[in-house]
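Read-outs throughout are calculated quantities, based only on the coordinates presented, and are distinct from any laboratory measurement. None of these values were measured; they are calculated from a predicted model. Note that each Cβ is placed from the backbone with ideal geometry, even for glycine, and that neighbours are counted across all protein chains shown.
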Amino acid sequence: SGILYPRESESREVVSLDGIWKFLTSPTEDQENGFRNKWYSTHFEKWIQMPVPSSYNDVTVNSAIRDYVGWVWYQHEFYVPKRWWADKQRVVLRFGSVHYTAMVWVNGKKACEHSGGHLPFQADITQLLLYGTANIVTVAVNNTLTPTSLPQGFIQHPNDTSRYPPGYILFHHDFDFFNYAGIHRPVYLYTTPQTYIDDITVITDIDGDVGIIKYVVKYKNKLMDLSSTPLCTVTVFAQNGTRITSVIGLTGKIHIPKANFWWPYLTSPTPGYLYTLKIHLNSETGDDVYRLPIGIRKISWNATTFLINNVPTHMRGFGKHEDSNLRGKGLDYTLLIRDYNLIAWLGANAYRTSHYPYAEEALDMADALGIMIIDESPACTIDYFTDELLQKHKAVMTELVRRDKNRPSVVMWSLANEPRSFRNESRKYFSALVNLTKSLDTTRPVSFVTSQTADTDKAVQFMDIICVNRYPAWYSDSGRTDLIQLQVKNELAKWHHVFNKPVLVTEYGAGSVIGMHTAPSSMWTEDYQVVTLKEHFKAFDALYKEGFLIGEMIWNFADFATPQEYIRPGGCKKGLFSRERQPKMAAHITRWRYWTLAQNSTNI
Ligand code: E9O
């Protein structure tokens, strides 16, 4: 089945279930309590209030909730119009994401379950609903990560009773961001008719100034058998709403003469140009209409260059996180728009969804503004490569491509961040994963992000583009900013010469505590972060002349929360912006550089 974003139309209604839900945690030592006592079949007796969407961790003042590991429970009451039943509507309950494992009941009956904290899931709940009285939805959420989850996490039960009370749980993971949990993204109810558009796949291409749209529409039919195939009409509208052309058929190819192509930010006066594809399905059970925004563009690459619409393109950007004060990883529209305002202010044209798939609402903005996205799976820092993990990883890539395949902003798939790809087992593992991903999508490059070296990495050979994280003068040769140029130039050149592929720097940078200054610069000051970036800029300029560097991404867009550790002064401080999204000195020099690069680029 498909997982189209819920959109209102003349045949579909969308109702948001976001708001304040009831919330409680299971007793730490009795995780089965809620299941045994069927908390999903009655109103919660005791609860606190919890916003949805949001992480639950930082909303209260209780460290037991912030640091909770195990099952928490959410509950909410809602009504649906009686006419949905009368009109024989199919009703779907859809979660944008719940971290990490979720079980959902509607009126005491199991509706669905899902594991994986960053991708949508849904269930047809038509038969579970009560039409004319209150409905209750209950969601049990478990944030525990295991050796076979993506990302991996590890639970320990220490048995040294002189240091830990009996039953004490220690939880750790090898990635540095806080494992926020809860109902992180919007919850929607939406309706469709009995025969409905289930999925749409769009692939675009260009030929001179002609845009080519190839599409496939899949429909499903709920109850009775249809005696004839539904009629599918596809109409293309320009961004200003003008109707351009219509074709008929569940699959087809549309030519748009003198098309407005989708261009990255600052390479055209109309970056992120979107057409609308209106799909109209007419069957004996009625009409279904779905409107999909699409961008017409072509991606290509060779041994040195990455091209959008046949124009060599450099990425200027950073890695990000879904992270903010109080909300944790919960979607927040104010934060979302603030971030895109800052991205535009910087003159950036790209970012990586480090280290998991981001909210669909965030990618909508990238589509519309022309921000290129490296769409990353949640496989951060995987250490052990087992068959079981590979099966999970394949399933996640399948879900990710299914969700994001039609997005013009998504220009590359990232299978993982910093896996231990010096291990021999990583060879077979990633070769299988690359093959799977390429079988799902032939139009985008597939890669992963390595922190190994050209000599030790066993899996980078399967990737289309070499993505490297490097921290000279921070994690190695700390304090020695005078070495940055030499090391960056030599290292990146080596990657290219060994593998004969384009190279992208996906992480570099330094931590700075906002407001801290020294002269000469020293680690953790804003001055040091500025010097670190400037030295990299000089190295990159030299490498652009050699022709194989396709972009630069700073770690990180903004400061973010980490577990409490003595090496982290209140979180990761490598942000260009503070966690409150105010600029550090480094943001200003990055802005100067990115606008200069944009103006010098050949395709402006
Ligand atoms: C992943 C990112 O999420 N990369 C880490 C970042 C960090 O600062 C983290 O926030 O912890 C850096 C990995 C460093 C790899 C460089 C290897 C060179 C060592 C000699």
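Between LYS82 and ASN500, what is the label-point separation in nm under the 7 Å Cα-to-beta-carbon projection?
With each label point 7 Å from Cα toward Cβ, the separation is 7.3 nm.
Among all the aspartates and glutamates, which ones have a C-alpha under 14 Å from LYS394's C-alpha, if same-chain residues fewer than 8 places away are not counted?
GLU376, ASP441
Towards the positive end of the charge dipole of region 129-214, with charges on Cβ (+1 Lys, Arg; -1 Asp, Glu), say which of ILE183, ILE212, ILE197 has the farthest Cα.
ILE183
On full extension of the chain, what length is gained from ASN490 through GLU580, given 0.36 nm per residue of separation minus the C-alpha to C-alpha distance?
28.7 nm
Can you return the aspartates and glutamates within cross-link range of LYS489? Criterion is Cα-Cα under 12 Å, with same-chain partners fewer than 8 residues away left out.
Reachable aspartates and glutamates: GLU535, ASP541, GLU546.
Among the listed pairs LYS109/LYS220; LYS253/LYS438; LYS278/LYS392; LYS458/LYS494, give every one whose C-alpha distance is greater than 26 Å.
Checking Cα-Cα distances, LYS278/LYS392 exceed 26 Å.
With +1 on the Cβ of every Lys and Arg and -1 on the Cβ of every Asp and Glu, and nothing else charged, how large is the dipole of the chain about its Cα centre, in debye rounded to the nearest 20?
It comes to approximately 800 debye.
Hand me the trypsin sites (Lys or Arg not before Pro) from region 63-96 located in a DSSP loop with no more than 12 other Cβ atoms within 10 Å, in residue order please.
LYS82
Label ASN282 and GLU32 with points 7 Å out from Cα along Cα→Cβ: what is the distance between them in nm?
Each label point is offset 7 Å from its Cα along the Cβ direction, giving 5.8 nm.
For region 299-415, what does the alpha-carbon gyration tensor say about shape, rounded, prolate or oblate, given a ≥ b ≥ c as the root eigenvalues, a/c under 1.5 as rounded, and a/b over b/c as prolate?
On the way: a/c = 1.88, a/b = 1.11, b/c = 1.69.
Oblate shape, in that a/c is at least 1.5 and b/c is the bigger or equal ratio.
If the chain between ARG7 and ASP209 were fully stretched, how many nm would it gain, using 0.36 nm times the residue separation less the Cα-Cα distance?
69.6 nm
What does the net charge come to around SER11 if you take all other residues with beta carbon closer than 10 Å to its beta carbon, with K and R at +1 and D and E at -1?
-4
Please give the Cα centre distance for region 294-340 versus region 536-575, rounded to the nearest Å.
The distance from the Cα centre of region 294-340 to that of region 536-575 comes to 15 Å.
I need the shape label for the chain. Rule: rounded when a/c is under 1.5, else prolate if a/b > b/c, else oblate, with a, b, c from the alpha carbon gyration tensor.
Oblate, since a/c reaches 1.5 and b/c is not below a/b.
Could you compute the FRET efficiency for ARG66 and VAL247, with r as their C-beta to C-beta distance and R0 at 35 Å, rounded to 0.05? Let's see the in-between values first.
Details: r = 54 Å, r/R0 = 1.55.
Using R0 = 35 Å, I get an efficiency of 0.05.
Could you tell me the calculated FRET efficiency between ASN302 and ALA432, based on Cβ-Cβ distance and R0 = 22 angstrom, to the nearest 0.05?
The value I calculate is 0.35.
At 0.36 nm per residue, minus the direct Cα-Cα distance, what do LEU130 and PHE422 gain on full extension? Give it in nm, one decimal, please.
Length gained between LEU130 and PHE422: 99.6 nm.
ASN310 label point, 7 Å along Cα→Cβ, cut-off 20 Å on backbone N: hits in region 238-270?
254-264, 267-270, by backbone N distance to the label point.
If a/c stays under 1.5 just call it rounded; otherwise compare a/b with b/c (prolate if a/b is bigger, oblate if not). Do that for region 507-604, with a ≥ b ≥ c from the square roots of the Cα gyration tensor eigenvalues.
In terms of gyration-tensor shape, prolate.
For the pair VAL14 and THR443, what calculated FRET efficiency results from E = 1/(1 + (r/R0)^6), where r is the Cβ-Cβ distance and R0 = 25 Å, to the nearest 0.05?
Plugging the Cβ-Cβ distance into 1/(1 + (r/R0)^6) gives 0.30.
Please work out the C-alpha center-to-center distance from region 473-529 to region 55-116 and express it in whole Å.
The two parts, judged by their Cα centres, are 43 Å apart.
Along the charge dipole of the chain, Cβ charges K/R +1 and D/E -1, which of MET585, PHE448, ASN417 sits furthest on the positive end?
PHE448
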